[in-house]
Amino acid sequence: MKLQRYDLKIVYVPGKLMFIADALSRAYLQDSSDSLIDDELDVSLIQSQLPMTPAKLAEFKYATVKKETLRTLSTVVMSGWPDRKELLPDGIQLYWDYRDEITMIDGLLFKSERVIVPQSLQREMEKLHEAHLGVVKTKRRARDIMFWSNMNNDIEQFISNCGVCNKFRKANNKEPLTPHDTPSRPWMKLGADVMEFKGKHDLLCLFTDLFYDIN
């Protein structure tokens with residue numbers, strides 16, 4: 001079904017001419033023209049991974065350039081990391097453990113596929129909690145698209161101070177089970193509800209039918 005939209009042309013190729021490319025690419029293609037350039041790949045990555053408007057994207061770029069720490073980190077990423085952590089400028093040594101994952105794409109810093117959020121915009125990222133999900137779900141959602149140092153602790157701190165969550169967290173506390181008093185005679189307690197079974201609606205009644213030996 002997936003191939004129906006293509007106009008296929010099947011050509012027989014003898015097995016001795018079907019080369020398998022290995023790590024050294026001895027069977028590379030002769031065509032050296034590149035249909036995709038780096039800029040197109042960068043734009044594709046940003047548009048597919050970051051759910052943000054062009055205005056917010058421009059705001060992220062401006063905040064990244066404005067923050068001195070991120071400017072220094074961008075310079076190190078583009079020029080190359082030193083051999084030792086101690087040789088890094090002050091303020092970016094905390095990124096040493098992630099140095100193999102950090103890249104610079106179109107004015108934005110990424111840790112793997114997650115954008116590094118400048119400090120001035122970190123407070124706005126609390127919008128992830130607009131649905132008032134729990135700590136675990138909010139962290140999972142944040143880890144898919146963004147990163148900053150101490151992000152997990154900041155999320156925990158914000159949710160712990162969320163007035164809406166605290167209000168309903170107290171309201172949703174489970175009440176202890178309270179058993180009913182044992183009925184002293186039949187039909188003393190009666191419960192009724194409407195049920196549906198095989199397309200028919202019935203009235204279901206529950207009643208007590210207890211007998212006691214009075215001797």
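Which one is modelled with the lowest pLDDT, of the residues in the stretch 171-189 that are loosely packed, with under 10 Cβ neighbours inside 10 Å and among the aliphatic types (A, V, I, L, M)?
Among them, the one singled out is A171.
Restrict the check to the stretch 122-135 and report whether at least one residue is of a type outside the set (K, R) and touching a Ser or Thr at 6+ places or on another chain (Cβ under 7 Å).
Checking the stretch 122-135: at least one residue is of a type outside the set (K, R) and touching a Ser or Thr at 6+ places or on another chain (Cβ under 7 Å).
Starting from the stretch 69-92, keep only residues that are without any contact (Cβ under 8 Å) to a residue 12 or more places away in the chain and farther than 16 Å from F110 by Cβ, then list their pairs with residues that are of a type in the set (S, T, N, Q) and not in a loop (DSSP other than H, G, I, E, B) whose Cβ atoms are within a distance under 7 Å, requiring at least 6 positions of separation or different chains.
Filtered contacts from the stretch 69-92: K85/Q93.
Any idea which of (1) surrounded by 17 or more Cβ atoms within 10 Å (Cβ to Cβ); (2) outside any helix (DSSP H, G or I); (3) not small (G, A, S) is the one D90 doesn't satisfy?
D90 satisfies every listed condition except (1).
Would you point out the residue of the stretch 113-143, among those that are within 19 Å of T69 (Cα to Cα) and either of a type in the set (D, E, K, R) or in a loop (DSSP other than H, G, I, E, B) (or both), that is modelled with the lowest pLDDT?
R123
Out of K137, K85, K167, report the one residue that is surrounded by 12 or more Cβ atoms within 10 Å (Cβ to Cβ), more than 17 Å from the chain's Cα centre (by Cα), basic (K, R) and farther than 25 Å from E59 by Cβ.
Answer to the check: K85.
Among the listed residues D34, D100, identify the single one that is on the phi < 0 side of the Ramachandran plot, at pLDDT 85 or above and part of a loop (DSSP other than H, G, I, E, B).
From the options D34, D100, the qualifying one is D100.
Within the stretch 37-68, take every residue that is modelled with pLDDT of 80 or more and surrounded by 16 or more Cβ atoms within 10 Å (Cβ to Cβ) and give me the one that is farthest from M146 (Cα to Cα).
K67
The values are calculated or read from the model by the stated rules, or taken from the named source; none is laboratory data. Keep in mind the model is a prediction, meaning the values are calculated, not measured. Don't worry about glycine lacking a Cβ; one is built from the backbone with ideal geometry, like all the others, and counts go over all protein chains shown.
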